[in-house]
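Novice: Following this message is one structure expressed as structure tokens.
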Protein chains: 2
Amino acid sequence: MTDEYRYQQLEGWLLKGILDQRWRLGERLPSIRTLCAEQKLSKATVQHALQRLEAQGLIEARPKAGYFVSLQPDGVKKPVSRARIEAPRPVNVSDLLLDIMGRSAAFDLLPDLHRGDLPPGIVTLNRSIGRALRRQKGEDSQYYDKPAGFVGLREQLALHHARRGWAVSPEQLCITSGCQHALFLALMASCERGDVVAVESPGFYGVLQLLEQLGLKAVEVPTSLETGMDMDSLEEVLERWKVRACIVSPSFSTPGGALMPEPDKKRLLSLAERHDLAVIEDDIYGDTALGRSPDPLKALDGEDRVILCSSFSKSLSRDLRLGWISGARWHDRILHLKLVTQLASSRYLQQGVADYMADGSFTSHLRRQRHELSANRDRLIASLHTWPGEVRVSTPQGGLTVWVELPETVDTLAAYTNALKHGIIITPGPLFSVSGQFENCVRISFAHPWNESRMDALRQLPGLLHIE
Amino acid sequence: MTDEYRYQQLEGWLLKGILDQRWRLGERLPSIRTLCAEQKLSKATVQHALQRLEAQGLIEARPKAGYFVSLQPDGVKKPVSRARIEAPRPVNVSDLLLDIMGRSAAFDLLPDLHRGDLPPGIVTLNRSIGRALRRQKGEDSQYYDKPAGFVGLREQLALHHARRGWAVSPEQLCITSGCQHALFLALMASCERGDVVAVESPGFYGVLQLLEQLGLKAVEVPTSLETGMDMDSLEEVLERWKVRACIVSPSFSTPGGALMPEPDKKRLLSLAERHDLAVIEDDIYGDTALGRSPDPLKALDGEDRVILCSSFSKSLSRDLRLGWISGARWHDRILHLKLVTQLASSRYLQQGVADYMADGSFTSHLRRQRHELSANRDRLIASLHTWPGEVRVSTPQGGLTVWVELPETVDTLAAYTNALKHGIIITPGPLFSVSGQFENCVRISFAHPWNESRMDALRQLPGLLHIE
């Protein structure tokens, strides 16, 4: 273990203690001597870690007394701005937003960087895929896979979902080219051109683009950064307009990482029944829980009207291009659409992933990733607290991003262009709304480790956003 | 070399000689003694080969005189039935046809068989992909590929097309999940719900299904089994109805393997200009030429209105799920649609295929495959000549299938169900038309080697089709 690694470990441990309120605002941290003894570290290493926390404004040194906590997590201000309910409208995404969407998919302030180590989970995954390739026999390469996908992978996915509270059979699953492809199939199967679809606001920009391309109208439903889509608002929307489908992410919606409480889920399903809605559940973040994994909404679906869409892109690899869909009453039509628009998925790739799941590698990977994401999130939130001015931050229990609300004078779209000149990508608020709301908000990801380059970029942001 | 292999080689050599008319109808083949000496084979091996040709009805033994050719290739009767021109109509594909489509994608009389050897080209391909997986570095797995796809693969494809007479830059290409996905993007980008699309008849059933799903109307244009879509008929159709797009396969259309002559290509482009058509070129069989590879229609496109769609599925592997599209004036919209419906393709997979192309493996594979397909086709046609009754067969110069026209009393849809009970898949004619034409026609593939099981299945077909 290098020294660099040791001070980072201590820094992370202290940061967690502060966020967990083990040491509260104004309280004294353990002395340097105590930390050296308890953590078995050199004095230089301990001092290095403390100085870094001090530089981030999280603790302060008082002469001859030691280090004191200068930030209190309770002081984290939650975002307050709320979407307005407006009439359904066709979606019209500008070229700028399209450009941002492409770049923002990297979830990284510095997407040109990606020079870290290959995560151990991916090394194992690639080995499984390589084995599946070598095991390919006969004329397998001369046949298309079945439209529903490789049954071995669907069996593993069924087991995986069973552990997350949803009993599903492999026959109810269809493999897709990622979650976006699954959402596309769900909308193609359940809606017709001109139909109105209720979406979260702020919500996932990829959905808005899909609605535009399919000629569907969007009605935005105000969405809490803690509990997800607001059910009172949804009820109001459903009473005012004829809505065909509703797209929600009950388990950690983007951008804020909200988790929908069980009573809201039940209310959503009863509203769906009353208004004959298709409910499209985007479960792509379901496996990114920092605490206990939540059951999907689909587990409560007694009416066969929840279409679950998910993929491995956020939990394992964005380069796999493998997702899945369970299409409820629309499942046959979805299978047909998959066949007609794409014929099949790659069989050896599905076999490799199935093996990776079957031998427990995926579960180990998720466990390891949970620790890393937890540390990344804490570090990001702590850093955001040092920003000047009124900065409000969501505190997600899952997902890969926080939503940051800045003073109303901030124009994050202008800041996007500004930051891009410095090679930094931010994801401005208006991307998450059909109506250009949330101009003063920005989504920041904690998907990637906070190495020195990314910390530097993060420190530059207040300046680039003009909130100094 | 095993004995089994030796007699097959001799059999293939003799068959080719008969089809090439080296020995004409009624002429005597070289004697057994001559064949033994010239081919350096045992008498038993030579006899075995001759007896097999005799059993297929290609030669006959005359006592004390030797073997004589009993089939003359000039006697091959060409199919004569022609599609009718009918008004554009919405496509309505039955469940039976959908079922057949799924099974027919295997291009195999015995799709449950696939137990042959892994073709050498695929062994090399899988090694290239395995290497790309192992070379994956940094956080690559945590990033989506660009919507247009990996530039290294697009460069190789540009080189590959340049060799086939079409100068294209990598920027004009976008990687897709196979050719069906490319056709889908092309139709989404160039047409709107309710538009009329001109299609080949008989033509590719996958296109008809796409039209159905996208709510487009089809108008069928009679298509020759030798020269492709009939230009007089297309002109008539364009004058009678407002047509938005035209889908053609100038290089070896399915089912018959027609090759469109250059004057027809030029006429098609001038009709497209006069009637402001989008021309969607399905080039998936472009690399399956048994002789010289033809230039694509796209090479003549001076008006930027030919969208070329292709993939590796017919030329290399159906399990890759990699295709490409060059979208002409619709290219930006196609890139947008790819992003919105699927985000990206798998990067390591594209890298593996790019390496495979760069080191010449793809070219070697195509050369080897050309010889195999040529032999498979000759063997199939020879076998079809032994069928009783009036049987007419196309003689494709590329593609993977022949079109067989049977006596008018034959009902190939009924025969499909009948054959399925014996584990044999035939592809009935009505699958290739919106209006249920070609009831007495069937497509038979020569994509797979004629081993004993497949030869057995082929011998059973006249009985199953009730033409005995």
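The values are calculated or read from the model by the stated rules, or taken from the named source; none is laboratory data. Remember, predicted model here, so these are calculated numbers, not experimental data. Don't worry about glycine lacking a Cβ; one is built from the backbone with ideal geometry, like all the others, and counts go over all protein chains shown. Ligands, DNA and RNA are stripped out before the accessible areas are found, and what is left, the full protein with its side chains, is counted by its heavy atoms. Shrake-Rupley method; radii C 1.70, N 1.55, O 1.52, S 1.80 Å.
Novice: Would you check if residue B:422 is assigned to a loop (DSSP other than H, G, I, E, B) and surrounded by fewer than 20 Cβ atoms within 10 Å (Cβ to Cβ)?
Specialist: Yes, satisfied.
Novice: Moving to a separate point now. Checking residue A:85 against (1) open to solvent by 40 Å² or more (accessible area, probe 1.4 Å); (2) more than 9 Å from chain B (Cβ to nearest Cβ); (3) out of contact with any Pro (no Cβ under 8 Å at 6 or more places or on another chain); (4) modelled with pLDDT of 75 or more, which test does it fail?
Specialist: The number of the failed condition is (3).
Novice: Determine which single condition residue B:318 fails, assuming it passes every other condition in (1) open to solvent by 20 Å² or more (accessible area, probe 1.4 Å); (2) at the interface with chain A (Cβ under 9 Å from one of its Cβ atoms).
Specialist: (1)
Novice: I need a count of the residues in segment A:451-461 that are open to solvent by 10 Å² or more (accessible area, probe 1.4 Å) and either at pLDDT 90 or above or in a strand (DSSP E or B) (or both).
Specialist: Here the count works out to 3.
Novice: Next up: Which members of segment A:159-178 meet the condition of being of a type in the set (A, V, I, L, M, F, W, C) and open to solvent by less than 10 Å² (accessible area, probe 1.4 Å)?
Specialist: Scanning segment A:159-178 gives A:173, A:174, A:175.
Novice: To continue, here is another question. Quick one: count up the residues across segment A:300-332 that are out of contact with any Leu (no Cβ under 9 Å at 6 or more places or on another chain) and among the basic types (Lys, Arg).
Specialist: Of the residues in that region, 1 qualify.
Novice: On the basis of being open to solvent by 40 Å² or more (accessible area, probe 1.4 Å) and modelled with pLDDT under 75, does residue A:115 make the cut?
Specialist: yes
Novice: Looking only at segment A:282-322, count every residue that is charged (D, E, K, R), within 14 Å of residue A:265 (Cα to Cα) and in a loop (DSSP other than H, G, I, E, B) and tell me the total.
Specialist: Total meeting the criteria: 5.
Novice: OK, next. Among (1) touching a residue at least 40 places away in the same chain (Cβ under 8 Å); (2) surrounded by fewer than 21 Cβ atoms within 10 Å (Cβ to Cβ), there is one condition residue A:436 misses while meeting the rest; what is its number?
Specialist: Here residue A:436 clears every test but (1).
Novice: Take the residues in segment A:36-55 that are surrounded by fewer than 18 Cβ atoms within 10 Å (Cβ to Cβ) and in contact with an Asp or Glu (Cβ under 9 Å, 6 or more places away or on another chain); name whichever of them is modelled with the lowest pLDDT.
Specialist: A:54
Novice: Might you check whether a residue that is under 20 Å from the mean Cα position of the chain (by Cα) and either assigned to a loop (DSSP other than H, G, I, E, B) or charged (D, E, K, R) (or both) occurs anywhere in segment A:402-419?
Specialist: Yes, because at least one residue in segment A:402-419 is under 20 Å from the mean Cα position of the chain (by Cα) and either assigned to a loop (DSSP other than H, G, I, E, B) or charged (D, E, K, R) (or both).
Novice: Restricting segment B:231-271 to residues that are open to solvent by 20 Å² or more (accessible area, probe 1.4 Å) and within 19 Å of the chain's Cα centre (by Cα), which is nearest to residue B:299 (Cα to Cα)?
Specialist: B:261
Novice: In addition: I'm trying to understand the selection: among the residues of segment A:322-346, which are farther than 17 Å from residue B:184 by Cβ, buried (at least 24 other Cβ atoms within 10 Å of the Cβ) and within 12 Å of chain B (Cβ to nearest Cβ)?
Specialist: Answer for segment A:322-346, where residues must be farther than 17 Å from residue B:184 by Cβ, buried (at least 24 other Cβ atoms within 10 Å of the Cβ) and within 12 Å of chain B (Cβ to nearest Cβ): A:322, A:323, A:346.
Novice: Please work out which one of (1) of a type in the set (D, E, K, R); (2) surrounded by fewer than 19 Cβ atoms within 10 Å (Cβ to Cβ); (3) more than 17 Å from the chain's Cα centre (by Cα) is the condition residue B:220 fails and give its number.
Specialist: (2)
Novice: Quick check on this structure: which one of A:387, A:403 is away from chain B (no Cβ under 14 Å), under 27 Å from residue A:290 (Cα atoms) and in contact with a Cys (Cβ under 7 Å, 6 or more places away or on another chain)?
Specialist: Selected residue: A:403, the only one of A:387, A:403 that is away from chain B (no Cβ under 14 Å), under 27 Å from residue A:290 (Cα atoms) and in contact with a Cys (Cβ under 7 Å, 6 or more places away or on another chain).
Novice: In segment A:9-35, what count of residues is obtained for those that are open to solvent by 30 Å² or more (accessible area, probe 1.4 Å) and not in a loop (DSSP other than H, G, I, E, B)?
Specialist: Going through segment A:9-35 one residue at a time, the tally reaches 9.
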